[in-house]
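J.: The following block contains the structure, expressed as structure tokens.
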Amino acid sequence: MLSFEPNIVIVDDKKDEVIGLLENYRDEGIGTKFYNASIFDGDDKPQEPFSGVNLIFLDLYYSSDFDVELCTSWIEKLIPENSFYVLVIWSKDTDHAGEVLDELKDINRVPYLPLVIQKGEKFKNLDNTWNFEKLSDFIQNEIDKHAALEELSIWKKSINNSSNLIIGHLADPLLQNSLDSKLQKIILGHGGKTYISDDKHEQKREILFEALDDVLISNSKSQRPDTVISEDNKTQLYNTLNVPVAEVDSKLNSWFHFKLLKFPLCQTSVKPGVISTFKESSKRGSLLKKIYGDLIIDENIKTYLKKQLIKSNLLGSNTKIIDVVLLLSRPCDIAQGKYGRNLKLISGVKIVNPDRKENERKELKTGNKFDSIKLFDHLHFNEEENDVALIFDYRYIFSVPEDIYLSCFENIKVFNKDLLSELQVEYSSYSSRLGITQII
């Protein structure tokens, strides 16, 4: 069923105090939702977080006593982790606002903009009623001080417009009975003949959504509103004459490297660009690691990673070097089952918490780089492994049958198709170079 979600949520235990605020936003055509937070006869929290909530009003008292977890548990149920939202703490007593914000940090739901507003005379009319129009104008003015948000909102609107157009075309009301067949054609067109079956449901969903993602990217550009750039953004955001060197954001960097799939990754499907570790618990996996892994015994790798090896061998060091492989077979071959009996893999290493230089870019400490080595640095795998480097060597290519691959490797990440294509092109260039005949 299609979901219909609010953009603004108000959490309070007295609806009569905020009904005017709800009506003020609804009159502007904005979707709002009120939750009665009373611990005696309040509403249930939503089962799943909302995807489109950008503004939350939060009262701090739902009984005579303050309980920080009661407050933050509402935010936890309303907002996904690490999502953007503006939080308005609107309460008669705001002394505990700092505790709430500290707790939100612990549960990875820090608001982009926290506004602490006390319910007092500032936002009241002469007849002692609330002036909600004045309150909403004040909040909007505070948001408008962050001019770059306007550009992100324009981008978000183009994405929403594009997705609605795509769904509108697929779900043509005059051809309702053809919706299933259209989506099935997309699955087989992008997944290949190996998906002509009555099973593999999760894999088929992933293929369908990835195909729709591609269409979305292609069409969102045409849906960008023709909006004049504000003077603030001309002089600030888009003035790139003197850009300060910012700290490397490994999580953001990883968004441009990996497909952000939900964990755990499916271990029973062959996925182009997947990065895996050897299953050493498997006798065959341990043997494959001995034959095709252990890159650090190679002289070139040993020279290149000398400083990392020294660091990883220090007592108490948190630097770890782990053997990995990357599935390099062509996506079209995998989709159509044309990769033959074997899958092509390239060996590499994953360095967790590597030894870094003290310069602005925190570069990896390495020796001489060889032309067969490919480095991906400043990556984020998860909260425990948030500083990772990946290194592959084009000299170490091998292949194994599909059943052995599935039984001997554990999937940990998947490169996006652009990075995979870059690796395939560079490997092709490296492997097809002509040798030099020297005169003797």
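Read-outs throughout are calculated quantities, based only on the coordinates presented, and are distinct from any laboratory measurement. Predicted model only: the values in this text are computed from it and were never measured. For neighbour counting, all protein chains shown are included, and Cβ atoms are generated from backbone atoms with ideal geometry for every residue, glycine included.
J.: When all alpha-carbon pairs of region 156-235 are counted, what percent fall beyond 17 Å? Each step should come with its number before you reach the end.
T.: On the way: 1815 of 3160 pairs.
Here the tail beyond 17 Å accounts for 57 percent of pairs.
J.: Charges only on Cβ, +1 for Lys and Arg, -1 for Asp and Glu: so what's the dipole of region 41-123 about the Cα centre, in debye to the nearest 20? Can you show the working numbers first?
T.: Values: 7 positive and 17 negative charges, 92 e Å.
So the magnitude is around 440 debye.
J.: Calculate one ³J(HN,Hα) per residue across region 402-411 by plugging θ = phi - 60° into the Karplus curve 6.51 cos²θ - 1.76 cosθ + 1.60, and present them in order as whole Hz with x for glycine and proline.
T.: These are the phi-based 3J(HN,Hα) values: 4, 5, 5, 4, 5, 8, 10, 10, 10, 5 Hz.
J.: Sticking with this one: Of Lys200/Lys338; Lys156/Lys344; Lys259/Lys320, which pairs sit farther than 28 Å apart, going by alpha carbon to alpha carbon?
T.: On the way: Lys200/Lys338 19 Å; Lys156/Lys344 39 Å; Lys259/Lys320 24 Å.
Correct reply: Lys156/Lys344.
J.: How big is the charge dipole of region 257-431 about its Cα centre, in debye rounded to the nearest 20, if each Lys and Arg gets +1 on its Cβ and each Asp and Glu gets -1 on its Cβ? Provide the component values of the computation, followed by the final result.
T.: On the way: 28 positive and 23 negative charges, 51 e Å.
Dipole of region 257-431, to the nearest 20 debye: 240 debye.
J.: Show the residues, 5+ positions off or on another chain, whose built amide H is closer than 5 Å to the amide H of Asp387.
T.: Asn353, Phe381
J.: Let me ask something else about it. Based on the alpha-carbon gyration tensor of region 254-386 and its eigenvalue square roots a ≥ b ≥ c, which shape applies: rounded if a/c is under 1.5, prolate if not and a/b is larger than b/c, or oblate? Walk me through the numbers before you get to the answer.
T.: Numbers: a/c = 1.75, a/b = 1.51, b/c = 1.16.
Prolate, because a/c is 1.5 or more and a/b exceeds b/c.
J.: Which value at 222 nm does the chain reach when only helices count, each DSSP H run of 4 or more adding -39,500 (n - 2.57), with the total divided by all residues and rounded to the nearest 500 deg cm²/dmol? Show your work: numbers first, answer last.
T.: Values: 15 runs with 165 residues, N = 440.
Value at 222 nm, helices only: -11500 deg cm²/dmol.
J.: Okay, moving on. Around Ser347, with a cut-off of 11 angstrom between Cβ atoms, what is the net charge of the other residues, counting Lys and Arg +1 and Asp and Glu -1?
T.: Around Ser347, the surrounding residues sum to -2.
J.: Work out from phi, with θ = phi - 60° and the Karplus expression 6.51 cos²θ - 1.76 cosθ + 1.60, the ³J(HN,Hα) of each residue of region 139-145, listed in order in whole Hz, and give x for Gly and Pro.
T.: 3J(HN,Hα) across region 139-145, in whole Hz: 5, 5, 5, 5, 5, 5, 5.
J.: Taking all pairs of distinct Cα atoms, average 1/r, flip it, and tell me the Kirkwood hydrodynamic radius of the chain in Å to one decimal place. Kindly include the intermediate steps, with their values, before the conclusion.
T.: Values: mean 1/r = 0.0381 Å⁻¹.
Computed over Cα pairs of the chain, the Kirkwood hydrodynamic radius comes out at 26.3 Å.
J.: Quick one: among Leu126, Leu21, Leu345, which has the greatest mean-square fluctuation in a GNM of the chain with alpha-carbon springs under 10 angstrom?
T.: Of Leu126, Leu21, Leu345, the most mobile in the Gaussian network model is Leu126.
J.: If you average the alpha carbon positions of region 149-219 and of region 48-106, how far apart do those two centres end up, in angstrom?
T.: 35
J.: Cα-based count: Lys pairs in region 8-146 below 14 Å, eight or more positions apart or different chains?
T.: Lysine pairs meeting the criterion: 13.
J.: Can you find, among Val414, Gly42, Gly192, the residue sitting farthest towards the positive end of the charge dipole of the chain, where Lys and Arg contribute +1 and Asp and Glu -1 at Cβ?
T.: Gly192
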